[in-house]
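Student: There's a structure below that I have some questions on.
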Amino acid sequence: MQVARKPKKVGSWHAVGAVVAHYRKQRGLTQEQFAELASLHVDTVRSIEQGRLALQPDRAEQFDDLLETGGVLKVLVEKMPVREKIVQFAQGLVDHEQEATSILSYQSLVVPGLLQTRDYCRAVFDYRYPALGSETAEQWVSARMERQLIWKRDRPPVGHFILEESILRREVGGPEVMREQIRQILEYTEPVHMSFQVMPMERTPHAGLDGPMVLLETPDHERLVYLEVQRASFLINDPEEASDYHHKYGMLRSQALSPGESVRLLKGLLGVT
């Protein structure tokens with residue numbers, strides 16, 4: 001088993017921050033003066049320049065205009081690898097997710113990130129405790145939306161999702177945000193290589209009471225399991241242990257509503273027959 005913990009953030013965002021600081025100094029601006037020009041708190045500018053906070057695309061364009069960089073920052077941010085935009089304890093998942101041939105996901109508390117709408121995703125991060133800063137939350141939302149581009153690949157992965165019924169009945173972000181989220185689940189899982197099932201709240205026996213899991217298969221047919229709890233994550237690549245999780249997932253599929261029944265449940269929540 002490989003265990004991924006939350007190390008100090010180093011790497012590409014430090015380089016971006018250094019470029020911001022370079023152009024700011026070229027303009028003869030202090031951090032305080034630049035923060036005022038950008039309508040930001042000076043601590044936000046410091047965090048960006050120190051690489052502790054990612055520079056968002058819209059913010060990069062704003063900085064390009066204020067610092068007259070000719071679009072350099074916008075290009076740097078656009079070329080940033082997806083994994084650099086993800087909270088660090090989840091990077092092990094994202095690295096393999098980008099090239100996976102299949103993704104199987106069982107979730108018990110929230111809609112899987114690969115199916116979330118932007119508004120639902122933002123509400124999930126807004127509910128987080130301790131609270132995230134608005135810049136960090138927007139960074140994580142944008143990164144999660146970018147992860148969903150895997151469904152646009154020429155040969156997208158096979159995707160299957162099992163969701164607890166309670167997820168669909170919890171109005172994260174409010175009724176309209178939740179309705180849009182349910183519509184997106186139906187839309188995303190309509191193609192033949194995608195499907196989902198709902199686990200009814202009263203269903204027993206239940207093979208997934210130990211918690212959520214994501215199962216991936218790589219192009220080399222290696223089976224991986226990703227587990228996450230609070231702010232720690234575990235990436236399992238031992239074949240025997242991964243096999244156990246695949247058997248568990250298979251049992252969950254047999255216990256959940258069928259795909260057809262699941263679609264009817266979601267349409268019922270939308271008031272659609």
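Student: For the stretch 207-235, which positions are closer than 22 Å to Leu163 by Cβ, under 22 Å from the mean Cα position of the chain (by Cα) and of a type in the set (A, V, I, L, M)?
Tutor: Scanning the stretch 207-235 gives Met213, Val214, Leu215, Leu216, Leu224, Val225, Leu227, Val229.
Student: Also, I was wondering about something else. Does Glu99 satisfy the condition of being surrounded by fewer than 18 Cβ atoms within 10 Å (Cβ to Cβ) and acidic (Asp, Glu)?
Tutor: yes
Listed here are the residues, each with its yes/no results for (1) buried (at least 18 other Cβ atoms within 10 Å of the Cβ); (2) in the same structural domain as Gly133 (by TED's automatic domain parsing); (3) at pLDDT below 90.
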| position | (1), (2), (3) |
| --- | --- |
| Arg24 | yes, no, no |
| Phe34 | yes, no, no |
| Leu37 | no, no, no |
| Glu49 | yes, no, yes |
| Pro57 | no, no, yes |
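Student: Another question about this same structure. If you scan the stretch 99-119, which residues turn out to be among the hydroxyl-bearing types (Ser, Thr, Tyr), closer than 20 Å to Met201 by Cβ and out of contact with any His (no Cβ under 8 Å at 6 or more places or on another chain)?
Tutor: Passing the criteria: Tyr106, Ser108.
Student: Sticking with this one: With the requirement that a residue be part of a helix (DSSP H, G or I) and at pLDDT 95 or above, what does the stretch 114-128 give you?
Tutor: Those that are part of a helix (DSSP H, G or I) and at pLDDT 95 or above: Leu114, Leu115, Arg118, Asp119, Tyr120, Cys121, Arg122, Ala123, Val124.
Residue by residue, here is whether (1) modelled with pLDDT of 95 or more; (2) out of contact with any Cys (no Cβ under 7 Å at 6 or more places or on another chain); (3) outside the structural domain of Leu40 (by TED's automatic domain parsing) holds:
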site	(1), (2), (3)
Gln139	no, yes, yes
Arg144	no, no, yes
Lys152	no, yes, yes
Arg155	no, yes, yes
Val158	yes, yes, yes
Glu164	yes, yes, yes
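Student: Now for a separate question. Just to be sure, is Val75 of a type in the set (Val, Ile, Thr), modelled with pLDDT of 85 or more and exposed (fewer than 14 other Cβ atoms within 10 Å of the Cβ)?
Tutor: Criteria met by Val75.
Student: Taking Glu164, is it among the acidic types (Asp, Glu) and over 16 Å from Ser105 (Cβ atoms)?
Tutor: The answer is no for Glu164.
Student: Out of all the residues in the stretch 252-273, which are under 26 Å from the mean Cα position of the chain (by Cα) and either part of a helix (DSSP H, G or I) or not assigned by TED's automatic domain parsing to the domain that holds Glu202 (or both)?
Tutor: Leu252, Arg253, Pro259, Ser262, Val263, Leu265, Leu266, Lys267, Leu269, Leu270
Student: What tally of residues in the stretch 140-192 results from selecting those that are in a helix (DSSP H, G or I) and not acidic (Asp, Glu)?
Tutor: Going through the stretch 140-192 one residue at a time, the tally reaches 27.
Student: Go through (1) among the aliphatic types (A, V, I, L, M); (2) out of contact with any Phe, Trp or Tyr (no Cβ under 9 Å at 6 or more places or on another chain); (3) over 30 Å from Ala60 (Cα atoms); (4) crowded, with 19+ Cβ neighbours inside 10 Å one by one and return the number of the condition Val192 breaks.
Tutor: Here Val192 clears every test but (4).
Student: Next up: With a cut-off of at least 2 residues that are surrounded by 11 or more Cβ atoms within 10 Å (Cβ to Cβ) and at pLDDT 95 or above, name the strands (runs of 3 or more DSSP E) lying wholly within the stretch 203-247.
Tutor: In the stretch 203-247, 213-217 are the strands (runs of 3 or more DSSP E) which contain 2 or more residues that are surrounded by 11 or more Cβ atoms within 10 Å (Cβ to Cβ) and at pLDDT 95 or above.
Student: What single numbered condition from (1) over 16 Å from Arg264 (Cα atoms); (2) basic (Lys, Arg); (3) surrounded by 13 or more Cβ atoms within 10 Å (Cβ to Cβ) fails to hold for Lys152?
Tutor: The failed condition is (3).
The values are calculated or read from the model by the stated rules, or taken from the named source; none is laboratory data. The structure displayed is predicted, hence computed values, not measured ones. Reconstructed Cβ throughout: ideal geometry from the backbone, glycine too, with neighbour counts over all protein chains shown.
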